[in-house]
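The values are calculated or read from the model by the stated rules, or taken from the named source; none is laboratory data. Values in this document were obtained by computation on a predicted structure and should not be read as measured data. For neighbour counting, all protein chains shown are included, and Cβ atoms are generated from backbone atoms with ideal geometry for every residue, glycine included.
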Amino acid sequence: MTKSLDEVMASVSQTRRKKIEKRSEKLTEQHMTLQALRKELNLTQEVIADGMKMKQANVSKVEKRSDMLVSTVRSYVEAMGGKLELVAKMPGHPPVKLEGFGDLSIEHK
C-alpha cells in the first residue's frame, strides 16, 4: 500500500522532521543566475554557445538579460545538460508543474 507524504512525515520523529524541513527550505532558497549556475558547473560560454548554436558573444548577452523567452532559458539549461521545469506556487495549493512553454515537442492545436 502506498503512503502519502503526510503519512510518512507523521511517522518521523519531531527532531528528524525539523532537519528535513530545514534542508528542504535551504534547497528551495538556492537562487542562481544562469551565469552563476554555468560557473558552478565549470562550463564556459563557448560550451553553452555550441549547445545553443550561437556565438559566444550572444551567450554573454543572454546572461546579462533580466527578461527573456522561456525557450531561451530552456535552451541555455539544456546546453548545460539540464532540464528546465516551470513550477507555479499558488497560496493554499500545492505547486503545479507547468508544461508547454518553449517546448517544441508539444503540438499546438
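Annotations
- Restricting the range 78-101 to residues that are under 30 Å from D50 (Cα atoms) and loosely packed, with under 10 Cβ neighbours inside 10 Å leaves a set whose member that is modelled with the lowest pLDDT is E99.
- Checking each residue of the range 17-28 against the condition of being of a type in the set (S, T, N, Q), at pLDDT below 95 and outside any helix (DSSP H, G or I) gives no match.
- Here T2 qualifies as among the β-branched types (V, I, T), out of contact with any Gly (no Cβ under 9 Å at 6 or more places or on another chain), in a loop (DSSP other than H, G, I, E, B) and surrounded by fewer than 10 Cβ atoms within 10 Å (Cβ to Cβ).
- One residue stands out in the range 36-58 among those that are crowded, with 16+ Cβ neighbours inside 10 Å and among the small types (G, A, S): the one that is farthest from K83 (Cα to Cα), namely A49.
- Set side by side, the residues S66, S75, S71 differ, and just one is under 25 Å from G100 (Cα atoms), part of a loop (DSSP other than H, G, I, E, B) and either touching a Lys or Arg at 6+ places or on another chain (Cβ under 9 Å) or at pLDDT 85 or above (or both), which is S66.
- Output for the range 4-18, where each listed residue is basic (K, R) and within 24 Å of V87 (Cβ to Cβ): R17
- Members of the range 29-55 that are part of a loop (DSSP other than H, G, I, E, B), basic (K, R) and either under 16 Å from E78 (Cβ atoms) or out of contact with any helix residue (DSSP H, G or I) (no Cβ under 7 Å at 6 or more places or on another chain) (or both): K53
- Any chance E7 is surrounded by 11 or more Cβ atoms within 10 Å (Cβ to Cβ), among the charged types (D, E, K, R) and not in a loop (DSSP other than H, G, I, E, B): no
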